[in-house]
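Trainee: The structure is given below, and queries will be raised subsequently.
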Amino acid sequence: AWMIIIGDGFHNFTDGFAIAAAFMADVRLGIVTAIAIVAHELPQELGNFLVLIHSGFSKARALFWNVVSSFATLVGAMIAYFALKSFEQYSVIFLCFAASSMIYVAIADLIPGLHKRTSLRESALQIALIGFGVLSIAVFRLFLSH
């Protein structure tokens, strides 16, 4: 359980760093980055909560420690803001690392999982969800480009 809390805290810290760097590069990029990270974090935090309960934590204690580890996002964002403010020209480099880590997760973790489900129904659902993701990017781009 403590490995989940500490690991998730570090993960949330780096998410906060990515959000702050994105906002410093462009407000629209920051909004899209924050939305993407929230969409990614909701199921992850629910999973962490269930792991903590399964590890013997009460619901209240699991929720408390899940919220505590989530505050690392704010800490990471604040540190990034003040650190990158002095080195604003390097924020683009950090954004490249953040984007490449998300691409790596998709390639190494998500895509192999998609190949394990081969039924026609599951494949259609996967294609629909990928299409929804592409559509959501197009909609965000349309609304945030003005």
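The values are calculated or read from the model by the stated rules, or taken from the named source; none is laboratory data. Only a predicted model underlies this, so the values are computations on that prediction, with no experimental measurement involved. So basically every Cβ, Gly included, is an ideal-geometry build from the backbone, and we count neighbours across all protein chains shown. Quick note on the areas: whole protein, heavy atoms, side chains included, nothing else; ligands and nucleic acids left out. Shrake-Rupley method; radii C 1.70, N 1.55, O 1.52, S 1.80 Å.
Trainee: What order do you get for 133-140, 94-101 when each peptide is scored by the mean count of other beta carbon atoms within 10 Å, highest first?
Mentor: The packing order, highest mean first, is 94-101, 133-140.
Trainee: Got a sec? What order do His40, His54, His11 fall in by accessible area at 1.4 Å, biggest, i.e. largest, first?
Mentor: So, going from the largest accessible area down, we get His54, His40, His11.
Trainee: While we're looking at this one, here's another question. Excluding ligands, DNA and RNA, what is the solvent-accessible area per residue of the chain at a probe of 1.4 Å, expressed in Å²?
Mentor: 70
Trainee: Pick from Gly30, Gly47, Gly131 the residue whose mean-square fluctuation is largest in a GNM of the chain, springs joining Cα atoms under 10 Å.
Mentor: Largest GNM mean-square fluctuation: Gly131.
Trainee: Which of rounded, prolate or oblate describes the range 1-118 when judged by the alpha-carbon gyration tensor and an a/c cut-off of 1.5?
Mentor: Judged from the Cα gyration tensor, the range 1-118 comes out oblate (a/c at least 1.5, b/c at or above a/b).
Trainee: How much length would be gained if the chain were fully extended between Leu46 and Ala124, taking 0.36 nm per residue of separation minus their Cα-Cα distance, in nm to one decimal?
Mentor: 25.5 nm
Trainee: Using only helices, what value at 222 nm comes out for the chain when you add -39,500 (n - 2.57) per DSSP H run of length 4 or more and divide by the total residues, to the nearest 500 deg cm²/dmol?
Mentor: -29000 deg cm²/dmol, from helical runs alone.
Trainee: Can you tell me the length gained on complete extension of the stretch Val75 to Met3, counting 0.36 nm per residue apart and subtracting the Cα distance?
Mentor: Length gained between Val75 and Met3: 24.0 nm.
Trainee: Also, quick follow-up: Using DSSP H assignments, which helices in the chain have an axial alpha-carbon span of 30 Å or above and a mean Kyte-Doolittle hydropathy of -0.5 or higher?
Mentor: Taking the DSSP H segments of the chain (at least 30 Å long, mean hydropathy at least -0.5), we get 2-25, 27-54, 120-144.
Trainee: What is the percent carbon and sulfur in the accessible area of the range 1-111, measuring with a 1.4 Å probe over the protein chains and ignoring ligands?
Mentor: 79
Trainee: Sequence gap at least 6, Cα distance under 8 Å: using those rules, report the relative contact order of the chain to the nearest whole percent.
Mentor: 34
Trainee: Only Cα pairs under 8 Å and at least 6 apart count here; give the relative contact order of the range 1-87 as a rounded whole percent.
Mentor: Result for the range 1-87 is 54 percent.
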